[in-house]
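The values are calculated or read from the model by the stated rules, or taken from the named source; none is laboratory data. Just so you know, these numbers come straight off a predicted model, no measurement behind them. Glycine also receives a Cβ, built like all others from the backbone with ideal geometry; neighbour counts cover every protein chain displayed. The accessibility values were calculated without ligands, DNA or RNA, using every heavy atom of the protein model including side chains. Shrake-Rupley method; radii C 1.70, N 1.55, O 1.52, S 1.80 Å.
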Amino acid sequence: PASRPPGEGPLSPTSGPVEDAMTYEFTFERTDVYRLAVGVARWMRQAPWRPDQRSLRDQGVRAAESVVLNIAEGWSRSGNAGRNHLRIAAGSAGECVAVLDLVDFQEAAERQQDLRRIGAMLHRLQRR
């Protein structure tokens, strides 16, 4: 058998039908709650943490990331499993609010309002 150049053949990335230039996304990616949570998580990571606030930073960043990840997983599941992930996300949003109560950042109050809004949206979504 003749050898083929790398990247060519029956299982190469260039084999198969040509796809349209469509973009694909999960349903949760279009939701306000997910987009707001991503914004808060990114802000939490970039906030002006002092070196002596390392443990608070770690806790706050993990909690903010948990909100995003549990929204994604909860939205992608149905029934009690999905609602449980949304409950966890709401709890993590509350944890972020508490972390921000312990620091003195210029934008902390606005982010806390975003987190409260996220919590309210998540509580409504749990009833769907």
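Given the conditions (1) touching a Phe, Trp or Tyr at 6+ places or on another chain (Cβ under 7 Å); (2) assigned to a helix (DSSP H, G or I), and given that R83 satisfies all but one, which numbered condition is not satisfied?
(1)
Does region 74-87 hold any residues that are within 12 Å of I118 (Cα to Cα) and either basic (K, R) or open to solvent by 70 Å² or more (accessible area, probe 1.4 Å) (or both), and which are they?
Residue satisfying the conditions is R87 alone.
Cβ-Cβ distance below 6 Å, separation of 6 or more or different chains: which pairs start in region 80-101 with a residue that is under 19 Å from T31 (Cα atoms) and end on one that is at pLDDT 95 or above and of a type in the set (S, T, N, Q)?
Pairs that qualify, where the first residue is under 19 Å from T31 (Cα atoms) and the partner is at pLDDT 95 or above and of a type in the set (S, T, N, Q), are H85/N70; I88/N70; A89/N70; S92/S66.
Regarding region 70-81, can at least one residue be identified that is touching a Ser or Thr at 6+ places or on another chain (Cβ under 9 Å) and more than 15 Å from R128 (Cα to Cα)?
yes
Here's a check for you: in region 88-127, which residue that is of a type in the set (V, I, T) and under 15 Å from the mean Cα position of the chain (by Cα) is surrounded by the fewest Cβ atoms within 10 Å (Cβ to Cβ)?
Taking the candidates together, the pick is I88.
Answer yes if at least one residue in region 37-57 is within 11 Å of the chain's Cα centre (by Cα) and β-branched (V, I, T), and no otherwise.
Yes - at least one qualifying residue is present in region 37-57.
Filter region 58-82 down to residues that are touching a helix residue (DSSP H, G or I) at 6+ places or on another chain (Cβ under 7 Å) and of a type in the set (D, E, K, R) and give me whichever is nearest to L36 (Cα to Cα).
Residue satisfying both the conditions and the ranking: E65.
Table: residues versus (1) in contact with a Gly (Cβ under 7 Å, 6 or more places away or on another chain); (2) modelled with pLDDT under 95; (3) closer than 16 Å to V61 by Cα.
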site	(1), (2), (3)
N80	no, yes, no
H85	yes, no, no
A90	yes, no, yes
V97	no, no, yes
A109	no, no, no
M121	no, no, no
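Quick check on my filter: what residues within region 33-73 are closer than 14 Å to Q112 by Cβ and of a type in the set (V, I, T)?
Passing the criteria: V40, V67.
Of all residues in region 4-61, which are at pLDDT 95 or above, of a type in the set (K, R) and either surrounded by fewer than 10 Cβ atoms within 10 Å (Cβ to Cβ) or outside any helix (DSSP H, G or I) (or both)?
R50
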